[in-house]
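Student: Have a look at the structure that comes next, please.
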Amino acid sequence: MQQKQTFTLLEAQQKLEHYCAYQERCHQEVIAKLKIMGMIPAAIEAVVSHLIEANYLNETRFAQSFARGKFRIKKWGKLRVKRELKARQISEYNIKLGLKEIPESEYNTTFWALFEKRKEAVKAYPLPIQKKKILSYMMYRGWETQKIYEALREL
């Protein structure tokens with residue numbers, strides 16, 4: 001039987017410094033990683049506070065980079081970004097700061113590009129089914145319902 005690897009507090013700190021330096025992380029991800037490493041609650045608290053003090057772990061920075069990335073790469077709307085940040089237990093204040101990272105002009109351009117692309121993909125269907133497919137696709141991606149309905153009215 002394989003023996004479970006154990007880590008000293010210093011080893012865990014170094015390992016998590018690399019983990020956080022590689023990519024922005026939220027507190028939840030770091031705590032989960034420490035639990036997987038088999039750290040006790042007191043050690044988890046010590047490592048997390050060290051990472052915050054050393055600025056490896058920053059909730060505001062995480063929220064901003066998460067919002068930018070998911071919008072630009074995955075073309076998520078603000079509702080989806082907000083929902084995902086809430087699932088990661090990010091504070092309401094930091095969620096607002098994260099959403100400010102999405103420029104309004106770029107947001108509208110992306111919405112219309114995604115809308116047109118989806119419209120093109122479902123044009124073989126009858127109009128009511130086209131509208132339903134476009135609506136569900138855009139809502140899944142986290143775009144505002146009102147914005148989608150306004151665009152659908154123009155079909």
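The values are calculated or read from the model by the stated rules, or taken from the named source; none is laboratory data. Bear in mind the structure is a predicted one, so any value in this text is a computation, not a measurement. All Cβ positions, glycine included, derive from the backbone under ideal geometry; neighbour counts span all protein chains shown.
Student: Considering only the stretch 43-59, state which residues are closer than 20 Å to ILE95 by Cβ and either among the basic types (Lys, Arg) or not in a helix (DSSP H, G or I) (or both).
Tutor: Answer for the stretch 43-59, where residues must be closer than 20 Å to ILE95 by Cβ and either among the basic types (Lys, Arg) or not in a helix (DSSP H, G or I) (or both): LEU57, ASN58.
Student: Name, by its number, the condition in (1) free of Cβ contacts under 8 Å to residues at least 60 places away in the same chain; (2) touching a Lys or Arg at 6+ places or on another chain (Cβ under 9 Å) that does not hold for GLN28.
Tutor: Just one mismatch for GLN28, condition (1).
Student: Go through the residues of the stretch 94-107 one by one and say whether even a single one is assigned to a helix (DSSP H, G or I), farther than 30 Å from LYS133 by Cβ and either in contact (Cβ under 8 Å) with a residue 40 or more places away in the chain or not aliphatic (A, V, I, L, M) (or both).
Tutor: In the first step, residues of the stretch 94-107 are kept if they are assigned to a helix (DSSP H, G or I); the result is 94-99, 104-107.
Now drop any that are not farther than 30 Å from LYS133 by Cβ, which leaves 94, 96-97.
Narrowing the set further to residues that are either in contact (Cβ under 8 Å) with a residue 40 or more places away in the chain or not aliphatic (A, V, I, L, M) (or both) leaves 94, 96.
Yes, the stretch 94-107 contains at least one residue that is assigned to a helix (DSSP H, G or I), farther than 30 Å from LYS133 by Cβ and either in contact (Cβ under 8 Å) with a residue 40 or more places away in the chain or not aliphatic (A, V, I, L, M) (or both).
Student: Turning to a different aspect of this structure: Is it true that ARG118 is within 17 Å of the chain's Cα centre (by Cα), buried (at least 17 other Cβ atoms within 10 Å of the Cβ) and of a type in the set (Lys, Arg)?
Tutor: On the way: within 17 Å of the chain's Cα centre (by Cα): no; buried (at least 17 other Cβ atoms within 10 Å of the Cβ): yes; of a type in the set (Lys, Arg): yes.
In short, no.
Student: Looking at the stretch 1-20, which of the residues that are surrounded by 12 or more Cβ atoms within 10 Å (Cβ to Cβ) and of a type in the set (A, V, I, L, M, F, W, C) is farthest from GLN89 (Cα to Cα)?
Tutor: This residue is PHE7.
Student: Residues being over 10 Å from the mean Cα position of the chain (by Cα) and more than 21 Å from THR145 (Cβ to Cβ): count how many of those fall in the stretch 62-89.
Tutor: 3
Student: What residue, among those in the stretch 121-155 that are basic (Lys, Arg) and surrounded by 16 or more Cβ atoms within 10 Å (Cβ to Cβ), is farthest from LEU79 (Cα to Cα)? Can you show your working first?
Tutor: Residues of the stretch 121-155 that are basic (Lys, Arg), as a first pass: 123, 131-133, 141, 147, 153.
Those still in the list that are surrounded by 16 or more Cβ atoms within 10 Å (Cβ to Cβ) too: 131, 141, 147.
Numbers: LYS131: 20, ARG141: 8, LYS147: 12 Å.
Only one residue fits best here, namely LYS131.
Student: Here is a further query. Could you say which residue among SER136, SER65 is in a helix (DSSP H, G or I), within 30 Å of GLU11 (Cα to Cα) and not assigned by TED's automatic domain parsing to the domain that holds GLN13?
Tutor: Working: SER136 fails: within 30 Å of GLU11 (Cα to Cα).
Exactly one of SER136, SER65 is in a helix (DSSP H, G or I), within 30 Å of GLU11 (Cα to Cα) and not assigned by TED's automatic domain parsing to the domain that holds GLN13, namely SER65.
Student: Scan GLU92, GLU84 and give me the residue that is touching a Lys or Arg at 6+ places or on another chain (Cβ under 9 Å), closer than 24 Å to TYR140 by Cβ and loosely packed, with under 12 Cβ neighbours inside 10 Å.
Tutor: Working: GLU84 fails: loosely packed, with under 12 Cβ neighbours inside 10 Å.
Answer to the selection: GLU92.
Student: If you don't mind, there's one more thing I want to ask. Do the conditions hold for THR110, that is, is it among the β-branched types (Val, Ile, Thr), within 21 Å of the chain's Cα centre (by Cα) and farther than 30 Å from ARG25 by Cβ?
Tutor: Numbers: among the β-branched types (Val, Ile, Thr): yes; within 21 Å of the chain's Cα centre (by Cα): yes; farther than 30 Å from ARG25 by Cβ: no.
Considered against the rule, which asks whether it is among the β-branched types (Val, Ile, Thr), within 21 Å of the chain's Cα centre (by Cα) and farther than 30 Å from ARG25 by Cβ, THR110 comes out as no.
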